[in-house]
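Remarks on the structure that follows.
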Amino acid sequence: MRNMMFTKVFILAGVACATTAGASTPDAWKDYDQRLTKACIAASGLKDAKPVGGPIQYDDRVPVTALVLAGRYPQKHMKNRPGRELCVWDRKAQKAYVSEADQLLPK
């Protein structure tokens, strides 16, 4: 009987820890979004790059967050044309990777 009670308490404590450990405060999410945005803009090749919309969070099976950036091409031959990039933030490596995404612009 005593072992059974110990097991129940142990399971309940584990569930309580799992639920609170996965939760993040609004301030933590705000800080995360700021770090993500700063890293994506730094990795971008666009002039005056800014986020378009909000971050797209994937679950932990694919530990990345995506962010679309808009700006202007700085190269002389691009004549300051608008451009879009897709930034993928690797949450484990804490690194941003960008790729051209002009197909997201309306024609």
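The values are calculated or read from the model by the stated rules, or taken from the named source; none is laboratory data. Just so it is clear, the model here is predicted, and its values are computed rather than measured. Note: ideal-geometry Cβ built from the backbone for every residue, glycine included; neighbour counts use all protein chains shown.
Being under 19 Å from the mean Cα position of the chain (by Cα), free of Cβ contacts under 8 Å to residues at least 12 places away in the same chain and assigned to a loop (DSSP other than H, G, I, E, B) is the filter here; which residues of the stretch 53-93 pass it?
Once the filter is applied, which keeps residues that are under 19 Å from the mean Cα position of the chain (by Cα), free of Cβ contacts under 8 Å to residues at least 12 places away in the same chain and assigned to a loop (DSSP other than H, G, I, E, B), the stretch 53-93 yields Tyr58, Asp59, Asp60, Arg61, Val62, Ala93.
Which residue, of Lys8, Lys38, Lys50, is at pLDDT below 95, outside any loop (DSSP other than H, G, I, E, B) and basic (Lys, Arg)?
Lys8
So which residues in the stretch 71-107 are of a type outside the set (Ser, Thr, Tyr), surrounded by 12 or more Cβ atoms within 10 Å (Cβ to Cβ) and within 21 Å of Tyr32 (Cβ to Cβ), if there are any at all?
Selection gives Glu85, Leu86, Cys87, Val88, Trp89, Asp90, Arg91, Ala96, Val98.
Please verify whether the stretch 42-56 includes one or more residues that are more than 13 Å from Val98 (Cβ to Cβ) and buried (at least 17 other Cβ atoms within 10 Å of the Cβ).
yes
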